[in-house]
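Read-outs: derived from the displayed coordinates by stated rules, not from any lab. This one's a predicted model, so the numbers in the text were calculated from it and none came from an experiment. A quick note on method: Cβ atoms are made from the backbone with ideal geometry, for glycine too, and the neighbour counts reach across all protein chains shown.
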Amino acid sequence: MMTKLRRSMKGKKGFTLIELMIVVAIIGILAAIAIPNFLNYQCKAKQSEAKTNLGSIATCEEAYFAEYDTYSASNGDIGFATKGQNVRYGYLIVSPSSLVFTATATSIGGGIKTGAGDDVWTMTQSRILTNTTNACQN
């Protein structure tokens with residue numbers, strides 16, 4: 001039985017070069033599609049830091065306004081501080097009058113994709129979130 005099996009397998013060893021090239025080409029096509037999509041999702045995930053923290057700043061400002069009848073232009077006054085080693089954004093609060101504020105998140109360090117300042121988000125006292133400079137646009 002084994003000798004019969006060995007005779008039928010004679011001359012048929014492994015894959016042909018064409019078959020291997022087709023497999024490599026398919027893997028290359030899949031990688032060409034998957035890698036840009038992955039990088040875009042990664043960029044959008046990094047932007048969630050700015051969105052979440054601006055929402056926190058707005059909440060802190062509302063609490064400060066409820067107590068002092070004015071908005072503050074200081075992160076320290078409202079009790080907001082970022083934590084962690086990989087902070088991707090710097091936060092600035094501008095309060096031109098006691099009834100309005102604008103909080104801005106600007107990418108720092110290496111930025112989100114290209115460098116510092118490549119991604120900018122703002123939120124007002126009305127909780128309107130805008131993205132003036134978007135690092136994740138294709």
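Sorted ascending by nearby beta carbons within 10 Å, beginning with the fewest, Leu129, Leu17 become Leu17, Leu129.
Lysine pair count for the chain (Cα-Cα distance under 22 Å; residues 8 or more apart in sequence or on different chains): 9. In terms of surrounding Cβ atoms within a 10 Å radius of their Cβ, Phe65, Phe38 rank from fewest to most as Phe38, Phe65. So for the range 17-133, taking the charge dipole from beta-carbon charges (+1 Lys/Arg, -1 Asp/Glu), which of Ile33, Ala50, Thr70 sits furthest toward the positive end? Highest projection toward the positive end goes to Ile33.
Exposure proxy ranking for Thr124, Thr52, Thr16, Thr106, based on other Cβ atoms within 10 angstrom of each Cβ and starting from the fewest, stands as Thr16, Thr52, Thr124, Thr106.
Extension gain for Ile26 to Asp118 (0.36 nm times residue separation, less C-alpha to C-alpha distance): 29.7 nm.
Summing -39500 (n - 2.57) over the DSSP H runs of n ≥ 4 in the chain and dividing by its residue number, what mean residue ellipticity at 222 nm do you reach, to the nearest 500 deg cm²/dmol? So the calculated ellipticity at 222 nm is -16000 deg cm²/dmol. Across q = 0.12, 0.13, 0.14 Å⁻¹, the chain modelled as identical point scatterers on its alpha-carbon atoms has Debye log10 I(q)/I(0) values of -0.61, -0.67, -0.74, in the order of the q list. Taken about its Cα centre, the chain carries a charge dipole of about 1980 debye when Lys and Arg each add +1 at the Cβ and Asp and Glu each add -1 at the Cβ. Applying a 4.7 Å Cβ-Cβ cutoff to the chain, the cysteines left without a disulfide-compatible partner are Cys60. Short-range pairs are left out: with C-alpha atoms under 8 Å and at least six residues apart, the relative contact order of the range 17-133 is 19 percent.
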